[in-house]
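What follows is one structure encoded as structure tokens, with my remarks underneath.
The values are calculated or read from the model by the stated rules, or taken from the named source; none is laboratory data. Since this is a predicted model, take the numbers as computed values, not measurements. Here the Cβ positions follow ideal geometry from the backbone for every residue, glycine too, while neighbour counts run over all protein chains shown. Remember, those area values only see protein heavy atoms, side chains included, never the ligands or the DNA or RNA. Shrake-Rupley method; radii C 1.70, N 1.55, O 1.52, S 1.80 Å.
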Amino acid sequence: MDNGDWGHRMSSPVTLNVGGHLYTTSLSTLQRYPDSMLGAMFRGDFPTTRDSQGNYFIDRDGTLFRYILNFLRTSELTLPMDFTETDLLRKEADFYQIEPLIQCLHDPKPLYPPDIFEQVVELSSTRKLSKYSNPVAVIITQLTITTKVHGLLEGISNNFTKWNKHMMDTRDCQVSFTFGPCDYHQEVSLRVHLMDYIMKQGFTIRNTRVHHMSERANENTVEHHWTFCRPAHKVED
């Protein structure tokens, strides 16, 4: 294999199914730490398992893998300020045998100065699909924004009145929009505008993930999640 072929292979996308959550990254990212379990796995040192779609399958905590993968990408451990699963993440780091991450988790450092904290916005898209129609038909789709930044939720309510008829659920920290089978394409348009609005408020995308579920014999459910973060100054009481 010449250098060009090898470089293409290292940068080609690889999709992992970790406990039902799909993640796409590059081979070079997965092999960043050659002595880790993932380094050995993608070096061919032990057999791999594939799911029904041909993705590499790992029977571990799919939600926590987002932090594992982000560490592989950046060599930095970045966790939300309200993160409460450090012990579980240590177990995952031990399983994947990523020694620098293990050290970070045993000697954590503050993410921000004492007067700074992290504000988080979660955007999720849930789409129910009919299994038996061809082409696949969307039965219903829902967009949900969850955050403790009340000013952002108020801004969404004030700036997205075009979609008011779809606003089916509002709570203290959440706004949801629901679309039916005839107008599901509007969900895509709203999602693009919402992501742009959130990022214009100073938030950046921390991570994304996809989760596939089958709830009924004739339906599939696909969930997409985006996490946005921004630093903010603490206000003294």
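Run the simple label-point estimate for residue 63 and residue 189 please: 7 Å along Cα→C-beta, distance reported in nm.
3.4 nm
Applying a 10 Å radius around every beta-carbon, put 59-72, 21-34 in order of their mean neighbour count, most first.
Working: 59-72: 18.6, 21-34: 16.6.
Highest-to-lowest ranking by the protection proxy: 59-72, 21-34.
Percent of accessible area on the stretch 24-74 owned by carbon and sulfur, 1.4 Å probe?
Numbers: 1110 of 2500 Å².
Ligands and nucleic acids excluded, carbon and sulfur reach 44 percent.
Ordered by residue, what ³J(HN,Hα) values in Hz, to whole numbers, does the stretch 219-229 give under the Karplus form 6.51 cos²θ - 1.76 cosθ + 1.60, where θ = phi - 60° and Gly and Pro are x?
10, 10, 10, 10, 10, 10, 10, 10, 10, 10, 9
Give me the one-decimal nm value for the distance between modelled label points at residue 140 and residue 221, 7 Å along each residue's Cα-to-Cβ direction.
Result: 1.1 nm between the two label points.
How far apart, in nm, are the 7 Å Cα→Cβ label points at residue 49 and residue 97?
Between residue 49 and residue 97, the label points sit 1.8 nm apart.
Residue 128: which lysines have alpha carbons under 22 Å from its alpha carbon, excluding same-chain residues fewer than 8 sequence positions away?
Output for residue 128: 165.
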